[in-house]
Number of protein chains: 2
Amino acid sequence: MSILVTGGAGYIGSHTVVELSLHGYSVVIVDNLVNSSYDSISRVEYLVKKKIPFFNVDLRDSEALSKVFDQYKITGVIHFAALKAVGESTKIPLDYYENNVGGTVSLLKVMKSHDVKTIVFSSSATVYGDATRFENMIPIPEECPLGPTNPYGNTKLTIENILHDLYSSDHHWRAAVLRYFNPIGAHPSGLIGEDPLGIPNNLLPYLAQVAVGRREKLSVFGDDYDSHDGTPIRDYIHVVDLAKGHLAALAYLHKLNPDDGLYREWNLGTGKGSTVFDVYHAFSKAVGRDLPYEVVGRRAGDVLNLTAKATRANTELGWKAELSVEQACKDLWNWTTKNPFGFHVDHYSVNDGAFGEDRIHTVKFDDFSVSVANHGATLVDIQVDGAPKVCNFKDLKDYNLPSNPYFGATIGRIANRLPKGRFSIDGKEFVSGINDGRNSLHGGFHGFNSQYFFGPVARKGPEGVTLSFVYLDKDGNNGYPGDLLTTVNYIISPKSLEIEYQAELTPESSADATAVSLTNHSYFHLTDEENINNTEFKLVSSRFMEVDKEAIPTGKLKNWTDPDVTKPFVLSGRSFDHCFIVDEHPTKLDTRSLPLVKVLEASNGGKKLSIYTTEPSFQFYTGDGVNTKGYGERAGFAVEPCRFISAGAFDEWRNQVVVRKGEVYGGKNRYVFS
Amino acid sequence: MSILVTGGAGYIGSHTVVELSLHGYSVVIVDNLVNSSYDSISRVEYLVKKKIPFFNVDLRDSEALSKVFDQYKITGVIHFAALKAVGESTKIPLDYYENNVGGTVSLLKVMKSHDVKTIVFSSSATVYGDATRFENMIPIPEECPLGPTNPYGNTKLTIENILHDLYSSDHHWRAAVLRYFNPIGAHPSGLIGEDPLGIPNNLLPYLAQVAVGRREKLSVFGDDYDSHDGTPIRDYIHVVDLAKGHLAALAYLHKLNPDDGLYREWNLGTGKGSTVFDVYHAFSKAVGRDLPYEVVGRRAGDVLNLTAKATRANTELGWKAELSVEQACKDLWNWTTKNPFGFHVDHYSVNDGAFGEDRIHTVKFDDFSVSVANHGATLVDIQVDGAPKVCNFKDLKDYNLPSNPYFGATIGRIANRLPKGRFSIDGKEFVSGINDGRNSLHGGFHGFNSQYFFGPVARKGPEGVTLSFVYLDKDGNNGYPGDLLTTVNYIISPKSLEIEYQAELTPESSADATAVSLTNHSYFHLTDEENINNTEFKLVSSRFMEVDKEAIPTGKLKNWTDPDVTKPFVLSGRSFDHCFIVDEHPTKLDTRSLPLVKVLEASNGGKKLSIYTTEPSFQFYTGDGVNTKGYGERAGFAVEPCRFISAGAFDEWRNQVVVRKGEVYGGKNRYVFS
């Protein structure tokens, strides 16, 4: 039972999807992305930790739309999808009618053919036109005569008429028409917000761009109106309040008697007007300085006051705007500073036309690029001077091959082997999936490597670009206790890659403790030689863990003597699949605060890779067992910094991996190519 | 330079196409025929004697529409295409918005992409809604506030808004919005008129169906209004006046300064109101008897008076409705009696999906059917008891094969041979195309057999179904003088076929005389035997024309002696390609008034064909030279009743074929199978 949200990638749409998801609704999004970015949806998933099915469908493509209705049990539609720039609409009116009216008619026909007759429609106060032309119509009630003054408004009114005619033709239809006043602000998380393309038309997005230096100054169109400060009065509503209005309308429709339909309009506004200067001061205060502005002449068509009468929504829907203009300004500034260019991030790109699990994210600097997939938050490529440095598959589907030796994958909850899959916490024993002989390997059957990681949130910082992925591993998956929220950050700078792990039990987790050891399982090769035999290695330590014939630690540490691995040696025919020790007595659960230690240096033909970590040990594996599509044995070597192998099975090591509610697990690795 | 008419097959569209054609415009029609018939277009062609390119295109199919604009130089569009039933629109509003608004947006986008920015739009007085809700708005001026009360009206108003927004976005657009009041009547020719499917919604079409017995009686909704007879007042306008309003609007747009655009609305009404009873009496008078009616209660939404203020159109467009309600009633009754079931005629059908020259028209009775193509008004099939009786091609294109021996074709202007292609009238000599050795055969290179005949007008009469085709052979074609208008009627009864010819010079013809001899060139076979050798023949006369070795008459008549062809004889190896004489001294130019003479009887295996004619002679040809796709020598025999062969070249026979302005050439043949 899902709610279809059209235009769910847009400003108001994405905020509404967040509220729907947080209130237990399943959501399906269709959006043609002409004026929005899939990034907003990936960020919503990141925020709500739920997968949100998305279809890149234009509503006018009724065949494609119909397939979405075939695939999901849709019980209602919230319809945002539309072109929405008033100024643009006066220049290309046909496109507005075609998209907005044509798209809606197509949507309604598909709804009808699937017997879905509940719709919440995103209308606009623009349908009133200049309400000041009548007596006593400020604040504007829903009964105010309509008279849009631009093509955009005409399309909204036409759609209202269509919905009304449709209800008149069949009283089973339920249409809630929501007339928005002036939406402002952003989600307090700073993850989603308005991302206007080109020059913003609205006051606050413009001011925000002035604040970050993208625009010189604000133009105030007239300060000689009859208001307390001479500037015109509008009704600004926080986008989160607006989003909640949609849930209220949807609930209202759902509460009708089964045989009843409805066509009804509701204003969504605060009922309280603010002048341009009121908003200007509130935002300047949020920014912490007075922003430049200039008073210029009045703008044609502007009037003194367009404030909503919001009592109908307040009383009938039980909904009321609660957030202040000041709060909206704070949230907008938070969004703006975190995303000064909206969803666009320099150096960052996604493979064209891919959505959801099919995406591969690439951060590219001049001679260094890193690519990561949502599937397993897998490192799928590193290119140095145009040459690949890790083993990978061209096709993401091949990562599901049984022969895939965990290429590039994020490994969790427990990297490496767990004897008989067993571990105990506070005397309570748990069993993970037995997927390697009698033991559990790399988290069991459905380890992190096979999971869909939400995100990424891509952001540019002083050190480079960070791609932040998140995955919520549910209590019981692979036998592990507790809901574990894991964040994997890929921090790509022009010269190096850093991977950072953070994991903690959620406050809602039923279990109070779990076990965690996370790493990345890339196979490196410095040249295009068939194998790594010519590679010269140097390790930080010769101390390593003794293992039995099942590769399970005995609990003893030994020294590697032939050769002395702390001195450079050429690999030749030597094989490694051992855990070397960096710190014999680790104490930190979150190692990220420790200094990075260079644990391995590899070189060949003038190419060099140095690997650093904050972890107490690392598995060094020369890939002798590799035999998969495109790659044979010793095609690459793996270095897996992590907690001691099988730590959960040994009393003296267990603290390395046990994470209790309120505690934070952390680790960090760095890869430097030269 | 063409005018594109969308919905040109409809009621108002087809009448406008007639006026456009008669006023020298080239017209291209697109229509999806969902609510209309191609028959109206073929009748318009029949009426105006011009080919009108037609495309069965839905406006929403912008790709197909675009191809029409690619193919023709369109200078303006008159846009009728729309669903138009108010009642239906309240039941299926989405279809109305999709068709009317969606179709228009698609049209306008294609126009824009082809830089065609002139449009006359078929709007409706429905956009005013109930104009009596305001003071002083009857008669209704264009400034009256708008407020449609049904989805149909909403779509019209939405399109007006789109056109207005489009003009505002680009002042090169020229949009004339014509708001129709109540169109009534039909073309005075009786060839086209309103053909409402289902129960008519409007007063006069309903009354017409009452008059022909398709409906029991008229319901008059209320006679207690404040009018002279208590029934409501509307503004009824003759459809021909309405059609002319479109030409006036188009001319107005064309007269604007080259750089000027326009958006403007004009009422098209008479400015004079008539009550329901006024119209009832006028139509009863046209019919000649009082039609049954019953006064019932008022209908919801009806108001007293909705009469147009027409002064804007009168003064600005220089257009004024000139025809009375009485005239409209006469014309409607003429249309109704000639076409009691609109364009539908029992027993008549057209090959599915074919338009223009590709059509084949079939009249089918139980065991007898005849099929005729527009191409050459060619008799393409006769079926008796399911067995074919004439040689033909399955594919119309094959009629253009050089080897086609004139299968089934209409032959003209001069059937058979003309020595050296020469003939003289009043001492003036003309030369036709030399297409047979040194002579002209069957009219020359572009004879009637290869021409597109307009029509047919199909009508059911007491004797059967008549298919009437017309062709205007222009002065100079094949060397013949004068514009010759030829009508070919196929009259199919349950047992026989009659073909009737009529030809005359048009009043506008530059030449005062020409020469004509028309026939049909079917090849008959009574059985499915390989050749006609077993067929038994009997001719009306043994008198025949002597010919030289080029098959040109010597001027002498002789008697055929072996065998005696006036007695039954089996053909066996005998060959005929000779002209037998029915009347040695014919005097009539229009022979149709003469009695039909049975000139030949053929029989084989119990099947018999008798051929009758009013013509003075007939060529009898046993098909010895036939060698074409699917047929070899003697596959069939031809009997071609016509004037004496080469009559134009012989002083003593010339009068048989010379047609002077004001004279009518005529002939008639009958084919009876038993």
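Laboratory data are not the source of any read-out in this text; all were calculated from the coordinates shown. Just so it is clear, the model here is predicted, and its values are computed rather than measured. Cβ atoms come from the backbone with ideal geometry, glycine included; neighbour counts cover every protein chain shown.
The Rg/Rh ratio for region B:348-673 is 0.94, where Rg is the radius of gyration of the alpha carbons and Rh is the Kirkwood radius. For the peptide A:157-165, the mean number of other protein chain Cβ atoms found within 10 angstrom of a residue's Cβ is 5. Summed over qualifying helices (DSSP H, 4 residues or more, each -39500 (n - 2.57)) and divided by its residue number, chain B shows a 222 nm mean residue ellipticity of -5500 deg cm²/dmol.
Helix B:11-22 sits at what angle to the longest principal axis of chain B, using alpha carbons and giving 0 to 90 degrees rounded to 10? In chain B, helix B:11-22 runs at an angle near 60 degrees to the longest axis.
Within the shell defined by Cβ-Cβ distances under 11 Å, the residues around B:Pro456 carry a net charge of +1, with Lys and Arg each +1 and Asp and Glu each -1. The distance linking region A:401-429 with region A:241-310 is 52 Å (Cα centroid to Cα centroid, whole angstrom). Normalised by residue number, the volume inside the convex hull of the Cα atoms of region B:510-661 is 134 Å³ per residue.
Here B:Leu256 and A:Leu291 are evaluated by their C-beta separation; at R0 = 41 Å the FRET efficiency comes out at 0.25. Cβ crowding within 10 Å, taken as a proxy for footprinting-reagent exposure, orders A:Lys156, A:Lys567, A:Lys495 from fewest neighbours to most as A:Lys567, A:Lys495, A:Lys156. Here the calculated FRET efficiency for A:Thr561 and A:Thr337, from their Cβ-Cβ distance with R0 = 45 Å, stands at 0.25, rounded to the nearest 0.05. With each label modelled as a point 7 angstrom along the Cα→C-beta vector, the B:Val431-B:Asn201 pair spans 6.4 nm.
Each residue, B:Ser510 and A:Asp70, gets one label point 7 Å from its Cα in the Cβ direction; the gap between the two is 6.4 nm. Counted by neighbouring Cβ atoms within 10 Å, the residues B:His361, B:His578 run from fewest to most as B:His578, B:His361.
Mind checking region B:162-228 for trypsin sites (Lys or Arg not before Pro) that DSSP puts in a loop (not H, G, I, E or B) and that have at most 13 other Cβ atoms within 10 Å?
Sparse-neighbourhood loop trypsin sites (Lys or Arg not before Pro): B:Lys217.
Applying both filters, DSSP loop and at most 14 other Cβ atoms within 10 Å, to the GluC sites (Glu not before Pro) of region B:75-143 gives B:Glu135, B:Glu143. Remark: label point of A:Glu429 defined 7 Å out from Cα along the Cα-Cβ vector; separations to the same position in other copies 12.5 nm, ascending. Inter-copy label distances for A:Asn559: 14.5 nm (label point placed 7 Å from Cα along Cα→Cβ; shortest first).
So for B:Ser36, B:Ser517, A:Ser189, A:Ser122, fewest C-beta neighbours within 10 Å to most, what's the order?
A:Ser189, B:Ser36, A:Ser122, B:Ser517
Take B:Thr527, project a point 7 Å from its Cα along the Cβ direction, then tell me which residues of region B:601-631 have their backbone nitrogen under 16 Å from it. Residues passing the 16 Å test: B:602-609. Ordering B:His521, A:Tyr180, B:His164 by the projection of their Cα atoms onto the charge dipole of the protein assembly as shown, which places +1 on the Cβ of Lys and Arg and -1 on the Cβ of Asp and Glu, puts B:His521 at the extreme positive end. Once you reduce region B:640-674 and region A:598-671 to the center of their Cα atoms, the two points are 107 Å from each other.
Taking the centroid of alpha carbons for each part, region A:493-559 and region A:329-400 are 23 Å apart. Each of A:Val34 and B:Asp115 was given a label point 7 Å from its Cα along the Cα-to-Cβ line. The distance between the two points is 2.5 nm. Of the trypsin sites (Lys or Arg not before Pro) found in region A:276-307, the ones in coil according to DSSP and having at most 12 other Cβ atoms within 10 Å of their Cβ are A:Arg289, A:Arg299. Here the average projected area of the convex hull drawn through the C-alpha atoms of chain A stands at 32.2 nm².
How large is the translational diffusion coefficient of region B:216-375 in µm² per second when you combine the Kirkwood radius over alpha carbon pairs with Stokes-Einstein at 25 °C and 0.890 mPa s?
Answer from the Stokes-Einstein relation: 124 µm²/s.
In chain A, the longest principal axis of the Cα atoms and the axis of helix A:276-287 are about 10 degrees apart. If only the Cβ of Lys and Arg carry +1 and only the Cβ of Asp and Glu carry -1, the dipole of chain B around its Cα centre is close to 760 debye. Where Lys and Arg each count +1 and Asp and Glu each count -1, what net charge lies around A:Gly648 among other residues with Cβ under 11 Å from its Cβ? Summing Lys and Arg as +1 and Asp and Glu as -1 gives +3. Please determine, in degrees from 0 to 90 and to the nearest 10, the orientation of helix B:325-338 with respect to the longest principal axis defined by the Cα atoms of chain B, where the helix direction is its Cα long axis. The angle comes out at about 40 degrees.
Based on the Cβ-Cβ distance of A:Phe445 and A:Thr587, what FRET efficiency does E = 1/(1 + (r/R0)^6) give at R0 = 41 Å, to the nearest 0.05?
Approximately 0.80, to the nearest 0.05.
For B:His344, the label point sits 7 Å beyond Cα toward Cβ; its separations from the matching points on the remaining copies run 6.2 nm, from shortest to longest. For the protein assembly as shown, evaluate the Debye formula with one uniform point scatterer on each Cα (no solvent term) and list log10 I(q)/I(0) at q = 0.08 Å⁻¹, rounded to two decimals. Results for the protein assembly as shown at q = 0.08 Å⁻¹ read -1.00. Computed on chain B, with alpha-carbon pairs under 8 angstrom and 6+ residues apart, the relative contact order is 10 percent. Shielding by partners for peptide A:91-101, expressed as the average number of C-beta atoms from other protein chains within 10 Å of each residue's C-beta, is 6. Ignoring lysines fewer than eight residues from B:Lys558 along the same chain, the ones with Cα atoms less than 21 angstrom from its Cα are B:Lys538, B:Lys549, B:Lys567, B:Lys598.
A:His171: net charge of surrounding residues, Cβ under 15 Å, Lys/Arg +1, Asp/Glu -1, itself excluded? Net local charge, A:His171 excluded: 0.
Available extension along the chain between A:Glu633 and A:Glu143 is 168.8 nm, counting 0.36 nm per residue and deducting the alpha carbon span.
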